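The values are calculated or read from the model by the stated rules, or taken from the named source; none is laboratory data. All of these numbers come straight from a predicted model, not from anything done at the bench. Backbone-built Cβ (ideal geometry, glycine too); neighbour counts: all protein chains shown.
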Amino acid sequence: MIKWIFILITLSLCSQIQINAQDYVFDDEKKCLVDANGDCMPNIIFSAVSFLSIIPNARSSALGFSGVAISPDPNAMYFNASKLVFADKQFGIVANSYHWKIFDYNDLLLNFSGYYKLNDNHAFGLRFEQLLYPKSFREEFNTKEFVIEGAFSKKLSKNLSVGISSKYIYSKLSEGKINGIDIYPAQAFAVDFSLYHRSKLEILDREALLSFGLAIKNIGSKITYTNSINKDYIPANFAIGSALKIDINDVSNLTLTLDINKQLLPTPDTTGAIFQGSSIHAAIVSWYDAPGGIKEELREYFIGGGLEYWLYNTISLRTGYYYVNPLKGDFQVFTFGIGVKYKFINVNSSYGFDKHRESDYTSNQFRFSLLFEL
């Protein structure tokens, strides 16, 4: 068990991990560090409290982890809170669960989100999310990780809205000493900023709705589990997305969605230097600091998208794909999902697998969502 907690602490502090440049050579043509065989070495961007980056809900997970611009529901609290004011109902709440297995341990992420529309122009939202480690692990080390978030959404015009969220993050992986190092609970505060626009149009004489969304997430304080003056970044992220909903006929419609994400975190330096600027400074330099220049910067964009089909506004089928460059994390996840809606109740489930990473948590991803809107 000590090995397991050491792994967690290491992963949580891994924004300090750098590639040892003495072991590799930088290739000017490939724009990366290469090993003795001339192959590029991964240069992955890490952060603390990485559970904040886990997609909690089944609908978006089935759509290749895209959700910035899809039709609003309570799960907009995670992706883009500015959408809340465009929700069809006055009130909504959702419970999400995500279960996966890693290192022979069963982990569970629980998420509860909701919104309330004061009127047609203003809405509020709340979100609580907790990562549950295995029971034996929680009892021995008293681990606890959660986030509490509140949001406000406002229409600026008939088709445009803005949103702002603030959140409190708490992470306790252990207490006491690990390998002689004092371990403490970590806390952070962060904000999100978001935009959402949608417009009606016609495509082949069919009614359609085109939506765009933008979200800047987790801009806030840095975090540490020790007395070290070198604190770690939380997973700040920039996301932009689009969704196109087309009415196929009177009883069915199809939505195509695409999201592009970029971490607003400094890229590890090939010299071993550690960037220690503020989170805002890090977000700015993240657009141009990659050692491999523009070629490496382009590798840092994560892409996900999918298709959603609704029949009689009752049954939905979804599929999607999510891609991360092999040198920046190496994810190629195929996703699938189904949903059933009856009156004010909506039940969704999703499954995702990464065909070339069969041994880790991406190989079997199960999510379940229960949503109520009135």
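Output yes when any residue across region 200-215 is more than 30 Å from Ser157 (Cα to Cα), buried (at least 19 other Cβ atoms within 10 Å of the Cβ) and either touching a strand residue (DSSP E or B) at 6+ places or on another chain (Cβ under 7 Å) or at pLDDT below 90 (or both), and no when none is. It would help to see each step written out before you state the result.
Keep residues of region 200-215 that are more than 30 Å from Ser157 (Cα to Cα), which gives none.
No, region 200-215 has no match at all.
Working only within region 112-140, note down all residues that are surrounded by fewer than 19 Cβ atoms within 10 Å (Cβ to Cβ) and modelled with pLDDT of 95 or more.
Filtering region 112-140 down to residues surrounded by fewer than 19 Cβ atoms within 10 Å (Cβ to Cβ) leaves 112, 116, 118-122, 124, 126, 128, 130, 132, 134-136, 138-140.
Scanning region 112-140 gives Phe112, Tyr116, Leu118, Asn119, Asp120, Asn121, His122, Phe124, Leu126, Phe128.
For the structure I just gave you, tell me whether Ala243 is among the small types (Gly, Ala, Ser), touching a Ser or Thr at 6+ places or on another chain (Cβ under 6 Å) and assigned to a strand (DSSP E or B).
On the way: among the small types (Gly, Ala, Ser): yes; touching a Ser or Thr at 6+ places or on another chain (Cβ under 6 Å): yes; assigned to a strand (DSSP E or B): yes.
Spelling it out, Ala243 is indeed among the small types (Gly, Ala, Ser), touching a Ser or Thr at 6+ places or on another chain (Cβ under 6 Å) and assigned to a strand (DSSP E or B).
Could you go through region 248-270 and let me know if any residue there is touching a residue at least 24 places away in the same chain (Cβ under 8 Å) and at positive phi.
Looking only at region 248-270, we keep the residues that are touching a residue at least 24 places away in the same chain (Cβ under 8 Å), and these are 248, 251-270.
This time we only want the ones that are at positive phi, so: none.
No, region 248-270 contains no residue that is touching a residue at least 24 places away in the same chain (Cβ under 8 Å) and at positive phi.
Can you tell me which residues in region 246-264 are under 30 Å from Asn218 (Cα atoms) and either among the β-branched types (Val, Ile, Thr) or outside any strand (DSSP E or B) (or both)?
Here is the first cut: in region 246-264, the ones under 30 Å from Asn218 (Cα atoms) are 255-264.
Listed by number, the residues that qualify are Thr255, Thr257, Ile260, Leu264.
Okay, residues lined up against (1) within 22 Å of the chain's Cα centre (by Cα); (2) over 24 Å from Ser66 (Cβ atoms); (3) among the aromatic types (Phe, Trp, Tyr):
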site: Ser221; (1), (2), (3): yes, yes, no
site: Thr224; (1), (2), (3): yes, yes, no
site: Ile229; (1), (2), (3): no, yes, no
site: Gln263; (1), (2), (3): yes, no, no
site: Pro266; (1), (2), (3): yes, yes, no
site: Ala273; (1), (2), (3): no, yes, no
site: Ser286; (1), (2), (3): yes, no, no
site: Gly293; (1), (2), (3): no, yes, no
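Hey, could you check region 190-199 for residues that are over 17 Å from the mean Cα position of the chain (by Cα) and of a type in the set (Ser, Thr, Tyr) and say which is surrounded by the most Cβ atoms within 10 Å (Cβ to Cβ)?
Tyr196
Within region 172-180, is there a residue that is out of contact with any Lys or Arg (no Cβ under 6 Å at 6 or more places or on another chain) and within 21 Å of Val324 (Cβ to Cβ)?
Step one: of region 172-180, the residues out of contact with any Lys or Arg (no Cβ under 6 Å at 6 or more places or on another chain) are 173-180.
Keeping just the survivors that are within 21 Å of Val324 (Cβ to Cβ) gives none.
No; the residues of region 172-180 include none that is out of contact with any Lys or Arg (no Cβ under 6 Å at 6 or more places or on another chain) and within 21 Å of Val324 (Cβ to Cβ).
The rows are residues; the columns are (1) under 20 Å from Lys328 (Cβ atoms); (2) of a type in the set (Val, Ile, Thr).
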site: Thr224; (1), (2): no, yes
site: Ser228; (1), (2): no, no
site: Val251; (1), (2): no, yes
site: Asn261; (1), (2): yes, no
site: Ala283; (1), (2): yes, no
site: Gly292; (1), (2): yes, no
site: Glu297; (1), (2): yes, no
site: Glu300; (1), (2): yes, no
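This table checks each residue for (1) assigned to a loop (DSSP other than H, G, I, E, B); (2) touching a Leu at 6+ places or on another chain (Cβ under 6 Å); (3) surrounded by 20 or more Cβ atoms within 10 Å (Cβ to Cβ); (4) free of Cβ contacts under 8 Å to residues at least 40 places away in the same chain.
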position: Gly277; (1), (2), (3), (4): yes, no, no, yes
position: Pro291; (1), (2), (3), (4): yes, no, no, no
position: Gly304; (1), (2), (3), (4): no, no, yes, no
position: Tyr322; (1), (2), (3), (4): no, no, yes, no
position: Thr335; (1), (2), (3), (4): no, no, yes, no
position: Gly339; (1), (2), (3), (4): no, no, yes, no
position: Asn348; (1), (2), (3), (4): no, no, yes, no
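Restricting to region 161-189, what's the tally of residues that are surrounded by 15 or more Cβ atoms within 10 Å (Cβ to Cβ) and touching a helix residue (DSSP H, G or I) at 6+ places or on another chain (Cβ under 9 Å)?
Counting residues in region 161-189 that are surrounded by 15 or more Cβ atoms within 10 Å (Cβ to Cβ) and touching a helix residue (DSSP H, G or I) at 6+ places or on another chain (Cβ under 9 Å) gives 14.
Which ones in region 26-68 are surrounded by fewer than 22 Cβ atoms within 10 Å (Cβ to Cβ) and of a type in the set (Phe, Trp, Tyr)?
Of everything in region 26-68, those that are surrounded by fewer than 22 Cβ atoms within 10 Å (Cβ to Cβ) and of a type in the set (Phe, Trp, Tyr) turn out to be Phe26, Phe46, Phe51.
Keeping to region 148-160, report how many residues are outside any strand (DSSP E or B), closer than 20 Å to Phe79 by Cα and free of Cβ contacts under 8 Å to residues at least 24 places away in the same chain.
Step one: list which residues in region 148-160 are outside any strand (DSSP E or B), which gives 156-159.
When the remaining residues are screened for being closer than 20 Å to Phe79 by Cα, the result is 156, 159.
Narrowing further to those that are free of Cβ contacts under 8 Å to residues at least 24 places away in the same chain: 156.
Of the residues in that region, 1 qualify.
Give Ser71, Ser97 a once-over and let me know the one that is surrounded by fewer than 24 Cβ atoms within 10 Å (Cβ to Cβ), under 17 Å from Leu371 (Cα atoms) and under 17 Å from the mean Cα position of the chain (by Cα). Steps first, please.
Details: Ser71 fails: under 17 Å from the mean Cα position of the chain (by Cα).
Exactly one residue qualifies, and that residue is Ser97.
Across region 270-310, what is the number of residues that are closer than 30 Å to Lys341 by Cα and in contact with a helix residue (DSSP H, G or I) (Cβ under 7 Å, 6 or more places away or on another chain)? Please lay out each step first, then the result.
So the first thing to find is which residues in region 270-310 are closer than 30 Å to Lys341 by Cα, and the list is 303-310.
Right, trim to in contact with a helix residue (DSSP H, G or I) (Cβ under 7 Å, 6 or more places away or on another chain) and you get 306.
Number satisfying all stated conditions: 1.
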